[in-house]
1. So what are the protein assembly as shown's ellipsoid semi-axes, whole angstrom, largest first, if each one is the square root of 5 times an eigenvalue of the alpha-carbon gyration tensor?
2. Report the full-extension gain for the segment B:Ala172 to B:Lys353: residue separation times 0.36 nm, less the Cα-Cα distance, to one decimal in nm.
3. Just for chain B, what percent of DSSP beta bridges are antiparallel, to the closest 5?
4. Please report, in whole Å³, the volume per residue of the convex hull around the C-alpha atoms of chain A.
5. Straight-line reach from B:Lys320: which aspartates and glutamates fall under 18 Å, measuring Cα to Cα and dropping same-chain residues less than 8 apart?
6. What order do you get for B:274-281, B:413-420, A:289-296 when each peptide is scored by the mean count of other beta carbon atoms within 10 Å, highest first?
7. Tell me which lysines have Cα within less than 29 Å of B:Lys466's Cα, excluding those fewer than 8 residues away on the same chain?
8. With +1 on the Cβ of every Lys and Arg and -1 on the Cβ of every Asp and Glu, and nothing else charged, how large is the dipole of the protein assembly as shown about its Cα centre, in debye rounded to the nearest 20?
Number of protein chains: 2
Amino acid sequence: MAKDKKLVEQITSMEEDFAQWYTDVVLKAELIDYTSVKGCMVIKPAGFAIWERIKNELDARFKATGVENVYLPMFIPESLLQKEKDHVEGFAPEAAWVTLGGSNPLQEKLCVRPTSETLFCDFYKKDVESYRDLPKVYNQWCSVVRWEKETRPFLRSREFLWQEGHTAHATAEEAEERTVQMLNVYADFLEDYLAIPVIKGKKTDKEKFAGAEATYTVEALMHDGKALQSGTSHNFGDGFARAFEIQYTDKDNKLQFVHQTSWGMTTRVIGALIMVHGDDSGLVLTPKVAPVQVMIVPIMQKKEGVLDKAEELRKSLADKYRVKVDASDKNPGFKFAEQEMRGIPLRVEVGPKDIEAGQAVVVRRDTREKVTVPFEELDAKIGEMLDAMQKDMFERAKAHRDSHTYTATSWEEFTDTLEHKPGFIKAMWCGDEACETAIKDETGATTRCMPFEQETLSDVCVHCGKPAKKMVYFGRAY
Amino acid sequence: MAKDKKLVEQITSMEEDFAQWYTDVVLKAELIDYTSVKGCMVIKPAGFAIWERIKNELDARFKATGVENVYLPMFIPESLLQKEKDHVEGFAPEAAWVTLGGSNPLQEKLCVRPTSETLFCDFYKKDVESYRDLPKVYNQWCSVVRWEKETRPFLRSREFLWQEGHTAHATAEEAEERTVQMLNVYADFLEDYLAIPVIKGKKTDKEKFAGAEATYTVEALMHDGKALQSGTSHNFGDGFARAFEIQYTDKDNKLQFVHQTSWGMTTRVIGALIMVHGDDSGLVLTPKVAPVQVMIVPIMQKKEGVLDKAEELRKSLADKYRVKVDASDKNPGFKFAEQEMRGIPLRVEVGPKDIEAGQAVVVRRDTREKVTVPFEELDAKIGEMLDAMQKDMFERAKAHRDSHTYTATSWEEFTDTLEHKPGFIKAMWCGDEACETAIKDETGATTRCMPFEQETLSDVCVHCGKPAKKMVYFGRAY
């Protein structure tokens, strides 16, 4: 069991140092590795398999709403990036610029896309002529680059993978409808598939996307009480359309500007998955997202018949579940630790005694619940356990989120909660950006969102005492 | 029918101007569009849907051979690119360089990946320690950048999409085996899925990949008699491993260099698909790759019951086939032309008279064969017709390739064939690179490959008359 110990010992406990625990899990579960390219990571097979499942699931949900995939260039000419004033101010400071092609200086430098609104606008300007061409509901899966100073695996890196949806509509109403629709796709995906409960709401003007009229967000609470913005959806109104002159002829033959939206989800959600569900033994994946749902570990596998039985069980389960046998020459304790580190939802242990008794031991990754199951009931029992685990993981995360959501009706209460009780703070706000900035400067807490479900906690702003306009979720955030 | 005419008239005929025909099809079938970014294209929904199907099919075939997907950074530090001498010489001249991050000059400039051998080497150097870590059989789907001067949609663009597989093995034999295995995956995929017959062979030293010991290729013949390299697989031996010091400890505890391979297929194959199967009405997609296999076109759709029947047919076919109804307000002739332009394999026409007679008319895109099919037989008949079309397309392409493959045993015959009969020329070659270069300089024809299936056409080199070493396929190429 020496190897087993080694694997587990190298992980810092969550309570001791959450940031170090996170890094340990990410590396030990072999999700990523660092590279010679500062601020960029390798996504290794175990990490990429998770992203593939997220991508396939989201893509299917997008397509069910009429989304079509496209691919646009990764480069944005400087003049194009500059067309929308707020947008360029937001993104230019962290842009990476290509200035040489071959050995020749370029006439115009090219930004490696940090996001593609300007490219989609340039495309729609050509592609949209009549109301018959609308709506355009396009999406692309790609990588984007933002020259961040401090980086962390999945949470903040200079290059990351994402999807970016970009739509153009005939009316403001349709654009708003699509913006909210996609936010709901994100919320449902996060809750149903990743078992991450979210707060849906609107960003304040200070926190909205550069160039947007309104930004909607889904905010999740991590195990350490910090918030993570997990998906955003933006309504641009006709701002970009005016800057790029994207017009269409309506049914009355009059020229109109289109109304646009964009919405994105990134490899960051893998960070959320880790920080919402993980524990001191490593990753815990939901049954729905797990690339491998069941790991069969043979015990005393050199005894005759054990590996055969393990393989027979695998085959009998493979139609319904994603299942593997760990037949490597490591000892079982090491295999257990590895399966736990990787967050594989169920472990099936089968050895000579089990075979004699016609049964196997099944262990749940999240609760460690251990049950002995006759071989003939294994198929059904595994289905039940996976369903239960998916449901329990959501309920547990929701209970954690709810018990770490506080209300503050005075400034003293606000700062006291922030200092002693990591989590969301619900509080009233006057709606003044200067007041929001002051709160951030004084405490480090930011407005996460103005939730769709508003409550009236008091009549006055928690900070300045002026009349309150909105209830806001505050928090420290990743 | 005015609109119908307009759509068709704008296409140049293949015989008149093949290059213009290609561009017309690519634009009219709405596969791509040009952008403000010189040399880069937008892949539009119809084009991207084809790439998605290619990607999913290839990815499944890769995974069946044990390939795992990963994602590496898009940037390569200059010092990393320079580690393998031949490799940097091959790629530096067409590299795009990032020199600014935000507003700050970078300490070391970063190349936007033209291919990722150097990054994978850097990664394997860290990731491989013992023979237990081998083999590594990784692949990534991404875009790459090569600063080409002249570009053409799908065939040559500054940025293109591809997959690049990169493997590391304990022995030279295993690396060679994987190189050939992946070439066969490409060949089977092209022939079985895209109905494109290929010649499998080895590139000459002059034409091999920069840094490779050996490059294998699958070469296809386009309708105009020009060749297109459609997929390549490279054996690096231990050259990169020595340059990057990628070593492992073998079972006897001795340090050994790994042996590596890489292999890639790109959006170029969409160009091949167009140029092998297309005709003067536009694209012709194989039933296997077609995002939509059956387009139901209602005739006199305003008559009661017609749209309902079309929709009923769609539903009855949707379990087995990818099927759509074109219920737009265009006239049927326009819809026919559009379905043909987009290469949708089958059209089902259904109008009031058909409904009365309990039948529909089914038209094959490739042969225009028209059959009247009772509704209750439609499901089975469509299956048959799709299978037949897939098979016929391959046979037709193969017959075209074979009838455009010539042999030349004298230099006069070689130049005469090249001038008057576009196609492959099989000829003997002395094996001397200077002679190969002379042939290219004098005629524009390049060595496509030394086919695995060798024949002896004569004893002497077709150009210099020295003793022949290999039979080679020559051709003009895209």
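1. In descending order, the three semi-axes are 47, 38, 31 Å.
2. Gain on stretching B:Ala172 to B:Lys353: 58.4 nm.
3. Antiparallel: roughly 85 percent of the beta bridges in chain B.
4. 173 Å³
5. Result set, ordered by chain and number: B:Glu57, B:Glu311, B:Glu312, B:Glu376, B:Glu377, B:Asp379, B:Glu384, B:Asp387.
6. Highest to lowest by the protection proxy: A:289-296, B:274-281, B:413-420.
7. Cross-link targets: B:Lys200, B:Lys202, B:Lys203, B:Lys206, B:Lys208, B:Lys226, B:Lys421, B:Lys426, B:Lys440.
8. Computed about the Cα centre, the dipole is about 60 debye.
Just so you know, all these numbers are worked out from the coordinates, no wet-lab data involved. Bear in mind that the values here come from a model prediction, so they are computed numbers and not experimental data. We place every Cβ from the backbone using ideal geometry, glycine too, and count neighbours over all the protein chains shown.
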